[in-house]
Structures are given as C-alpha cells and as structure tokens.
1. Does any residue in region 141-161 that is under 13 Å from L187 (Cβ atoms) come within less than 7 Å, Cβ to Cβ, of a residue that is modelled with pLDDT under 90 and surrounded by 10 or more Cβ atoms within 10 Å (Cβ to Cβ) six or more places away or on a different chain, and which pairs are these?
2. Checking G253 against (1) surrounded by 15 or more Cβ atoms within 10 Å (Cβ to Cβ); (2) under 28 Å from L18 (Cβ atoms); (3) in contact (Cβ under 8 Å) with a residue 40 or more places away in the chain, only one condition comes out false. Which one?
3. Search region 156-212 for residues being over 30 Å from Q232 (Cβ atoms) and among the hydroxyl-bearing types (S, T, Y), and hand back the single one that is least open to solvent (accessible area, probe 1.4 Å).
4. Looking for whichever is in contact with a Pro (Cβ under 8 Å, 6 or more places away or on another chain) and at pLDDT below 90 here; the options are N112, N89, N94. Which one fits?
5. Answer yes or no as to whether E282 is among the acidic types (D, E), out of contact with any strand residue (DSSP E or B) (no Cβ under 8 Å at 6 or more places or on another chain) and either at pLDDT 80 or above or surrounded by fewer than 20 Cβ atoms within 10 Å (Cβ to Cβ) (or both).
6. If you take just the strands (runs of 3 or more DSSP E) that sit entirely in region 298-356, which of them hold at least 2 residues that are on the phi < 0 side of the Ramachandran plot and open to solvent by less than 50 Å² (accessible area, probe 1.4 Å)?
7. Against the condition among the aliphatic types (A, V, I, L, M) and over 17 Å from P66 (Cα atoms), how does L259 come out, does it pass?
8. Restricting the first residue to region 337-350 and requiring it to be under 12 Å from T293 (Cβ atoms), which pairs with a second residue that is in a loop (DSSP other than H, G, I, E, B) and open to solvent by less than 40 Å² (accessible area, probe 1.4 Å) meet a Cβ separation below 6 Å and a spacing of at least six or different chains?
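The values are calculated or read from the model by the stated rules, or taken from the named source; none is laboratory data. None of the values given here were measured: they were computed from a predicted structure. FYI the Cβ positions are ideal-geometry reconstructions off the backbone, even for glycines, and counts take in every protein chain you see. The protein model used for the area step is the full one, side chains on, heavy atoms only, and it has no ligands, DNA or RNA in it. Shrake-Rupley method; radii C 1.70, N 1.55, O 1.52, S 1.80 Å.
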Amino acid sequence: MKLSIGIVGLPNVGKSTLFNALLGKRVADASNYPFCTIDPNVGVVEVPDEKLPVLAEIVKTDKIVPAIVEFVDIAGLVKGASQGEGLGNKFLTNIRDCDAICHVVRAFSDANIIKEGSVDPQGDFEVICAELIIKDLETIDKYIDTNKNNAKEKISKKFILAQKLKTELEKGILAVNLKLDDEEKELLKEFFLLTAKPYFIVANVDENTYQNIENFNLKIENYESVVPVCAQIEFDLSELNPEERKSYLQELGVSQSGLERVIQKAYDTLGLQSYYTAGVKEVRAWTIKKGDTAPKAAAAIHTDFEKGFIMAEVVSYQDFVTCNGPLGAKDAGKLRHEGRDYIMRPDDVVEFRINV
C-alpha cells in the first residue's frame, strides 16, 4: 500500500528540516528564505518497528523489510495561495496528490529566522486551512454552476451534497470534519477536495521545550493531539547511529523520537496498521487498513492472493515470540486457521494459503 503524506505549512516553519530528519540525510534545501522549496521533494521513510529484528532473530533471517511511508516536502504556502500568491496553485496541486496532510506550525522563537504571515501556531494552521477551503469552494462552485440548469442533476444526491459542502466550507469547516453518511462519503470522493484529506498537526518547538516534550500541550482550536517535535534536534538525531541515538534520547529525557511519533500519527490518522510475514527468506511488515479482512491483507502482498485466498495461518506476535516461532506456536495450540471473514488484528504474524 502506497502511503503518501504531504508536509505543508507557511514558509520557514521547519518543513524542510523535518523532511531531512525523516529521511536521515540532507535532501531538501533548508535555507533560511521563503520558497527555497519549489518542486516538492519526495522521500520514502521506513516505519520504525522494534518487532522486526525480534522476528528476524527467531526465524534466523538477515533480511528485514519494514513498512514505508512516502513524505512529500511541499513548498511554503502563503495567504492568497489559492489566488496564485507565492507559488500558490502549483503547491495546491502537490497537496491534491497526497493521501494525508501533515500541517507543520511554528511553535519556536528565533529572531534570526525569517517569518512570513502569522506568528502563532493557531494562525499558521488557519492560514493554510483558509487557502485549502477557498480552492475547494472554487471546485464546488464550478460544479454547481455547470449543473444548476440540469433538471435531473439538480435533484441528484451529488448536487445536494455539493450545496451542503458549499454551506459548510463557507463557515470554515473542513470537508473531512463533516458528519456524512456512507453514501455521501462515497460521493465526496468524486469532488477530489483538498479539505477532504485526513490531516494531523506537527508543532515545531525549540530545543529547550524538547526536553519536556512528553508533557507538551499545544491547543489548536477544534483539534486534539498535536505532535510536538524539534525539527533541528530530530535532524541531529538522524545523523547518529542507533546506539548513539538511543543514548541521546535518554539524555534528553524522552522515550521516543519525535519522528517516530509523526509516523505513528500518520498511521493513526489514515486508520492503518501492520501485520507481519516471517520466514527464512525475510521478515516483512505489511501496511493495511484497520478492519481489513484476511483476503484484503493478502492482497497487500499480491492482488492475485485475494482471489486465490484459501485461509490464513495466524499467530499473534506475542505468542510467536513466546513460543519461539511458528512450530512452537503450533505445538502450543496458538496457531489459528482463519477464513475469509477474519478481521486482521494489529501485529498478527501470518502465512497465507493460496490457490494458484
């Protein structure tokens, strides 16, 4: 499953530094001036997962393949982007191609860093949302104007939804936050709205705040659970080896890097989870949606696996470790044979039986 997260925000809030930290190397130009990112940088990031090496040790394989997330560093938006200000429309198109949006807001003070627009995190977030809303209203207005004289279309559920969307967007409500029934949710996809994309917020804090980051609480109106990071410290961490990184985090008094929290938040926002396959050839994490059945999970490996699905041999990760692998789990009665209706659980270790 391809998972693409667009990193957006005003110029100089730390987007490119965060992107570089995610990739563990200097890919994006983090220079101190607006619009240093013109074409979006794209990077594939491995999802941190401490279970993979444990599984690899049990099945005696050297090949570990983690789940991945694609992050897209989109250049800074400014007020008026929807009308072409800055490099407006190009950036909005880049956002449209992503599965979810990571809003980066500035929560640090530095007189040496140029700051465009607002100076508070709430203001940063509202400027970006306003531009997305304006662009979506253009889309909705175009559809309504095109179909307002079409008697059949005017009474369609899609047209009624468009009118509802226009009303709510004009109130400043993002489409993703609207309460819609299942049919409306399907129709919503046909508009390809920017504000219909799931999103989460990352607050870029200063280095002093980082040392108390697990108690950090930033209030963004109508939103909970802002992920705090210090992009510069995260970049410094990315240049260390695993042992040095662990030691540095201990010195800072935190148990988990900000980047791990960002990736986990991306998973949670999109309703994703992982399952594992573990054998002598490789140990691999696969990304699926929460609530997926076993055949849908099999399709993550190959689309033909869903069609030829017979059953799934499933062991929970904890039982797999406790029983020292699939044979021990089978002997202990912990290996289950699950059919087409089985709902995958987080951290299942699975071998699919397929009719080929």
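1. F159/E153
2. Tallying (1) surrounded by 15 or more Cβ atoms within 10 Å (Cβ to Cβ); (2) under 28 Å from L18 (Cβ atoms); (3) in contact (Cβ under 8 Å) with a residue 40 or more places away in the chain, G253 fails exactly one: (1).
3. Restricting to residues being over 30 Å from Q232 (Cβ atoms) and among the hydroxyl-bearing types (S, T, Y), the top hit is T195.
4. Details: N112 fails: in contact with a Pro (Cβ under 8 Å, 6 or more places away or on another chain); N89 fails: in contact with a Pro (Cβ under 8 Å, 6 or more places away or on another chain).
Exactly one residue qualifies, and that residue is N94.
5. On the way: among the acidic types (D, E): yes; out of contact with any strand residue (DSSP E or B) (no Cβ under 8 Å at 6 or more places or on another chain): no; either at pLDDT 80 or above or surrounded by fewer than 20 Cβ atoms within 10 Å (Cβ to Cβ) (or both): yes.
It is false that E282 is among the acidic types (D, E), out of contact with any strand residue (DSSP E or B) (no Cβ under 8 Å at 6 or more places or on another chain) and either at pLDDT 80 or above or surrounded by fewer than 20 Cβ atoms within 10 Å (Cβ to Cβ) (or both).
6. On the way: elements: 309-316, 336-338, 348-354.
Answer list for region 298-356: 309-316, 348-354.
7. Values: among the aliphatic types (A, V, I, L, M): yes; over 17 Å from P66 (Cα atoms): no.
When the stated conditions are applied, L259 does not pass them.
8. From region 337-350, the pairs are M344/D292.
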